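Student: Here it is, the structure, as structure tokens.
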Amino acid sequence: MENPNEKTESLEKLLEQTRRERDMYLTILKNLNIQLLITDASNDSIIFANNKIRRDYDVEIDPIGTKCYESFARQTERCSFCGMHYLLKHPDESYSWDENLPGITQGRFRNYDSLMTWYDGRTVHFEQGVDITDLKLNEEMLAARLEQQNLFSQMAESLISSGDQDEQIFGMLRASCLFMKLDRAFFFKCDPESHELTVERVWFSGARFAPEAAEDHANRPRHDYISLKSIFGERRRGRLFCQNTETDETFRPFFDSGVHAFITVPLIINESCYGLIRFEKCTPIPETEDLVNPKPKAAFEEEKDVVFAELVAGLIVNALMLKLNREELIAAKEAAEDSAKAKAAFLANMSHEIRTPLNAIIGMSELARSSADIERMRYCLDKVNVSALHLLGVINDILDLSKIDAGKLELASIDFRFDEMIDNTIMLVGDRAQRKNQKLLVTIGKDAPEAIVSDPQRLSQVILNLITNAVKFTPEGGTIELAVRCPEWVSDWCILEFSVNDTGIGMSKETQEKLFQDFRQADANISQTFGGTGLGLAISQNIIRQMGGVIEVKSVLGEGSRFYFSIRVPVGHARKSSEEAPSYELQSGAARMNDLSIKGIFKGKRILLAEDIEINREIILSMLEETLAEVVCAVNGAAAVDIFLEAPDSFDLVMMDIQMPELNGYDATRLIRESGAMLPIIAMTANAFKEDVERCLNAGMNDHIAKPVNFNEIIEKLKHYL
């Protein structure tokens, strides 16, 4: 039989455990991050209120035993929105409702109410509130943004239409005011000198103002309450706004005139103020629903309204700029169409200029192959050579123009003999003048320096282009003169004046205006009559501009032309080349490959040639045949490295192509240099831009030869390094 004392002790332990569990659950409920309130269903007395609901309602004194509507709502009877009204009629159901919470939090809560039996047997009203403030704010913000985007899209679409611009601006002002729930909108035009503002367009809410009030404001000069200087000096991110003029002394004049809040945004066009738009709220700003700390509401939210006003201002600026720039757009369209026609004509001319020499090369090559007569073959090959040089000139012009368009045309700074550069340039065009029985005169003033520091290749290119054009457009028996003088020489600098005069066909003023434009020739008939790409003068003008000068022209139709320019250059110190070692630079292939001066000059020298194209290897071998140099060929970069490393001391020089399979010329050069070899390595590449030359030097090469290779240049380079 069970001992009564033991039974009593067991019951007490059970009750104590139950109390501890109840207290633990109550502690958990008190500290939950949701509102919990339990009241007696019969009299609304609070049985339990957790910490969350007490904090949110700012209830410091323990409310247990008090009426819920007294402690939390500060009312004398059950709240009209209380869930008990529904639960008393539907005791077996639950009820949910949303609440905008006053007090400190001012949050939004979703309440879930139900009736349940408390642990002591009473029927209680169990209410839990979940904070949905962020959810509601996000929903409202998303809805507002969608509404704003739709409105903004509609206004943007209206600008695309061909409607009346003033009506479009009026429509934007009206729609913006309605969206922001404001009362008035103004579009002010600003006088650029007096800064006086004139109302151009205005919209008044029909609910607040009579229609004649808007008409009374329209087209009436007035000074704004806030000066333009203060707007631009104190504006924040391009606008000026005030939430409540009654409480802001700076904007008190607005309040005195009936404006309680406003947004002002300047309309900036071409960095100057074209005018202003302003949105005004003319109704008193209501207070918040906070029963404890009532205060004025914000008239508008910066994210939704102020930024939106800036977007509207941007649309209006675009509308105004469309109107102001309409003529410029039409002119630009016409210029673009004209440019497109010029480029189309240019492409047609390029096709002619490229295909014509190609036709001669192919045709004369076939004639040479089918002929057994040596003189006939030599004649054909001479024509092939001339056509190939012409084709190379066309390609160089196109490449130069592409570099100019990309802003990559860079000039070298080299100390060189000025007189030798002139002599070599004249040598290139002398034969053409002689064939036309023309007099080619060169006059260099005695005051000109012997050496200068500039880009000899580009300067020669410009002079050659001007003289070539003069030869081309001057009839047989005419005269062409290159004159150079130095009108000023100060310390280490001097001014050089160049002029090319001819007795050719001359040009009209209209023709002269088109001379230096890209993709154009002075006259459409010129390319048909005289040939040429029409790029030379445009390229030359860009080169001289980079040198600090401008090419100008004077011409009389039928009497001749004079092209002239001046550049300021440093005086150089280069010495005159030795007469015993003839210069091969800038010569047009006039030297013969069987010239006795090269026979056996490299005998005993061993050269490694890395070139993957068979015909290119054959050309180099043929060029060096008379020199008696031993040339070992490698068909790619990897083979070149292997051949060199097998006998590194047996080679005197490497001629290295750049673009090769398996291993390119840059990497092959690096591997050779890593072996410790210091012999000369000369790059051979079709990429002749300055950055390509620098890349070759950075890879460890000593020099550079551009393709197509020139016999004289190769001999000169080899003589320098062997």
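The values are calculated or read from the model by the stated rules, or taken from the named source; none is laboratory data. All values derive from a computational prediction rather than experimental measurement. No Cβ is skipped: glycine too gets one built from the backbone with ideal geometry, and neighbour counts run over all protein chains shown. The protein model used for the area step is the full one, side chains on, heavy atoms only, and it has no ligands, DNA or RNA in it. Shrake-Rupley method; radii C 1.70, N 1.55, O 1.52, S 1.80 Å.
Student: With θ set to phi - 60° and the Karplus curve 6.51 cos²θ - 1.76 cosθ + 1.60, what are the ³J(HN,Hα) couplings of region 139-155 in order, to the nearest whole Hz, using x for Gly and Pro?
Tutor: Each residue of region 139-155 in turn: 5, 5, 5, 5, 5, 5, 5, 5, 4, 5, 5, 4, 5, 5, 5, 4, 5 Hz.
Student: Follow-up. Let me know the volume per residue of the alpha-carbon convex hull for region 437-497, in Å³.
Tutor: Dividing the Cα hull volume of region 437-497 by its residue count gives 88 Å³.
Student: Something else now. Tell me the accessible surface of R54 in square angstrom (1.4 angstrom probe, heavy atoms of protein chains only), to the nearest ten.
Tutor: Only protein atoms counted, so the area is about 50 Å².
Student: Can I ask one more? Taking just the C-alpha trace of region 130-194, give me its Rg and Dmax in Å.
Tutor: 16.8, 61
Student: Using the beta-carbon distance between E167 and V556 and R0 = 45 Å, what value does 1/(1 + (r/R0)^6) give for FRET efficiency, to the nearest 0.05? Working shown, then result.
Tutor: On the way: r = 58 Å, r/R0 = 1.28.
That pair, E167 with V556, gives E of 0.20.
Student: Can you figure out the FRET efficiency of K603 with S272, using R₀ = 56 Å and their beta-carbon distance, to the nearest 0.05?
Tutor: Approximately 0.10, to the nearest 0.05.
Student: Tell me, what ³J(HN,Hα) does each residue in region 704-715 have, in order and in whole Hz, if you take phi through Karplus 6.51 cos²θ - 1.76 cosθ + 1.60 with θ = phi - 60° and put x for Gly and Pro?
Tutor: 8, 10, 7, 8, x, 6, 10, 4, 5, 5, 4, 4
Student: Related question: Compute from the Cα atoms of region 629-722 the Rg and the Dmax, the latter being the longest Cα-Cα distance, and quote both in angstrom.
Tutor: 12.4, 34
Student: Obtain the nm distance between the two label points defined at Q546 and L14 by a simple spin-label model: each point lies 7 Å from its Cα along the Cα-to-C-beta direction.
Tutor: 10.3 nm
Student: Of the listed peptides 706-712, 40-46, 441-447, 663-669, what is their order by residue-averaged count of other C-beta atoms within 10 Å, with the highest listed first?
Tutor: Per-residue mean Cβ counts within 10 Å order the peptides as 663-669, 706-712, 40-46, 441-447.
Student: Something else about it: To the nearest 10 square angstrom, what accessible area does F170 show with a 1.4 Å probe?
Tutor: Surface accessible to solvent at F170 totals approximately 50 Å².
Student: Please compute the modelled spin-label separation between A143 and R369, points set 7 Å along Cα→Cβ, answer in nm with one decimal.
Tutor: Simple spin-label model gives 8.4 nm for this pair.
Student: Which entries in the list K52/K89; K333/K514; K383/K436; K439/K554 go over 27 Å, if you measure between the two C-alpha atoms of each?
Tutor: K52/K89
Student: How many nm separate the modelled label positions at E713 and L621, each set 7 Å beyond the Cα in the direction of the Cβ?
Tutor: Taking the two extended label points, one gets 2.3 nm.
Student: Ok, one more. Along region 670-686, what does the Karplus equation 6.51 cos²θ - 1.76 cosθ + 1.60 (θ = phi - 60°) give for ³J(HN,Hα), rounded to whole Hz, x for Gly and Pro?
Tutor: Residue by residue, region 670-686 yields 4, 5, 5, 5, 5, 6, x, 6, 10, 5, x, 10, 10, 7, 10, 8, 7 Hz.
Student: While we're on this one: Using only the heavy atoms of the protein chains and a 1.4 Å probe, how would Y95, Y119, Y379 rank by accessible area, largest first?
Tutor: Correct descending sequence by accessible area is Y119, Y379, Y95.
Student: In nm, what is the difference between 0.36 nm times the number of residues separating M24 and D415 and their Cα-Cα distance?
Tutor: Here the answer is 131.2 nm.
Student: By its C-alpha gyration tensor, with a ≥ b ≥ c as the square roots of the eigenvalues, how is region 41-185 shaped: rounded for a/c under 1.5, else prolate for a/b larger than b/c, else oblate?
Tutor: Values: a/c = 3.83, a/b = 3.05, b/c = 1.26.
In terms of gyration-tensor shape, prolate.
Student: Given a Förster distance of 25 Å, report the FRET efficiency between V307 and A335 from their Cβ-Cβ distance, rounded to the nearest 0.05.
Tutor: Numbers: r = 38 Å, r/R0 = 1.51.
Computed FRET efficiency for V307 and A335 comes out at 0.10.
Student: Also: If each residue of separation counts as 0.36 nm, what is the full-extension length gain between W493 and S194 once their alpha-carbon separation is subtracted?
Tutor: Numbers: separation 299, 0.36 × 299 = 107.64 nm, distance 5.11 nm.
Value of the extension gain: 102.5 nm.
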